[in-house]
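What follows is a single structure, written as structure tokens, with notes after it.
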Amino acid sequence: MPTIDSVLAQPGLLALLVLAAFVVGLSKGGLPAVAMLSVPLLSLIMSPLVAAILLLPIYILSDAVSVWLYRREFSAPNIKLLIPAGILGVVIGWVAASSVSDQMVALAIGVMGISFCLYNWFFKRGSDMPQPVNKVKGMLWGTLSGFTSFISHAGAPPFQIFVLPQKLPKMVFAGTTTIVFAAINLAKIIPYSNLYPYTKTTLEVSAYLLPVAALGTVVGKKLIERLSEKWFFLAVQIALFAISIKLVLGALSM
């Protein structure tokens with residue numbers, strides 16, 4: 001099994017790390033679906049799970065910026081429900097890490113995301129009234145979000161399937177997303193360290209990339225502030241749909 005230091009020595013990795021760090025920042029600024037691009041970017045030259053582990057310090061450092069930006073804008077009922085469920089999903093992901101393939105996870109995430117978008121765009125009927133917070137559904141989708149986030153930082157589709165029907169104000173949606181995934185990311189530290197121990201080199205690289213991620217966070221929040229509610233949620237769904245297609249195609253080609 002290669003060490004993270006040996007992975008960092010690969011040619012061309014720096015440019016991909018910079019791009020991935022900026023994408024992580026955008027997601028922490030309130031564009032959660034964008035985060036799903038970070039692991040696929042690095043997966044061009046490394047294992048998806050190694051990429052996820054390598055990116056975690058960048059996620060956590062940028063979480064500090066994003067949580068501060070959204071410290072007054074969040075849905076308390078969702079946070080109380082989704083954080084424990086997400087942490088449970090992380091534990092399940094840790095236990096299953098050795099037996100669940102990247103292909104299986106990518107395919108499942110992609111199919112869920114595509115199905116959700118198609119349902120909302122073409123088949124949904126009836127009232128457009130906001131849906132209430134359902135505890136059973138929240139535990140289900142929150143746990144799945146934590147699990148897929150553990151495997152490849154791809155927790156956005158299950159999270160959005162549960163939260164988008166609630167039609168939260170866009171800033172509350174963004175803040176809730178940020179805080180929930182900040183907690184989930186913290187829960188990954190021990191499992192990831194167990195799978196691939198972090199080194200001084202790993203943490204130094206993350207520190208160098210922090211300004212890039214912080215810039216992405218600020219840019220992401222500015223984009224959300226300028227988009228209308230309608231276009232914001234449409235943009236989130238389109239991003240989710242595009243990334244889900246990419247995940248399915250990638251999984252089927254493995």
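Readers should treat all values here as calculations from the given coordinates under stated rules, not as data from a laboratory. Predicted model only: the values in this text are computed from it and were never measured. Cβ: placed from backbone, ideal geometry, glycine included. Neighbour counts: every protein chain shown.
Footprinting exposure proxy ranking of MET171, MET104, fewest other C-beta atoms within 10 angstrom first, gives MET104, MET171.
Projecting the Cα atoms of ASN194, SER228, ILE184 onto the dipole axis of the chain, where Lys and Arg carry +1 and Asp and Glu carry -1 at the beta carbon, places SER228 farthest toward the positive end.
When you restrict to C-alpha pairs under 8 Å that are six or more residues apart and normalise by the size of region 4-252, the relative contact order lands at 40 percent. Membrane-span-like helices of the chain, defined as complete DSSP H segments with a Cα extent of 27 Å or more along the helix axis and a mean Kyte hydropathy of at least -0.5, are identified as 48-69, 76-96, 200-226, 229-252.
When you restrict to C-alpha pairs under 8 Å that are six or more residues apart and normalise by the size of region 63-204, the relative contact order lands at 44 percent.
Pick from ALA235, ALA154, ALA183 the residue whose mean-square fluctuation is largest in a GNM of the chain, springs joining Cα atoms under 10 Å. Result: ALA235 has the largest fluctuation of those listed. Relative contact order of region 124-185: what whole-number percent is it, with Cα pairs under 8 angstrom and at least 6 residues apart? Relative contact order of region 124-185: 33 percent.
Neighbour counts of C-beta atoms inside 10 Å place PHE22, PHE150, PHE173 in the sequence PHE22, PHE173, PHE150, starting with the fewest. For the residues ILE243, ILE83, ILE45, a GNM of the chain with alpha-carbon springs under 10 Å puts the largest fluctuation on ILE45.
With a Förster radius of 41 Å applied to the C-beta separation of ALA96 and LEU203, the computed FRET efficiency comes to 0.90. When the charge dipole of the chain is built from unit charges on Cβ atoms (+1 for Lys and Arg, -1 for Asp and Glu) and taken about the Cα centre, the candidate among SER145, PRO132, ILE83 whose Cα reaches farthest toward its positive end is PRO132. Geometric descriptor of region 4-252, per residue, is 113 Å³ (volume of the convex hull of the Cα atoms).
Shown here for region 59-115: trypsin sites (Lys or Arg not before Pro) in loop regions (DSSP other than H, G, I, E, B) with at most 12 other Cβ atoms within 10 Å, namely ARG71, ARG72. Exposure proxy shown here: for THR177, THR201, THR148, THR217, the number of other Cβ atoms within 10 Å sets the order, fewest to most, as THR201, THR148, THR217, THR177.
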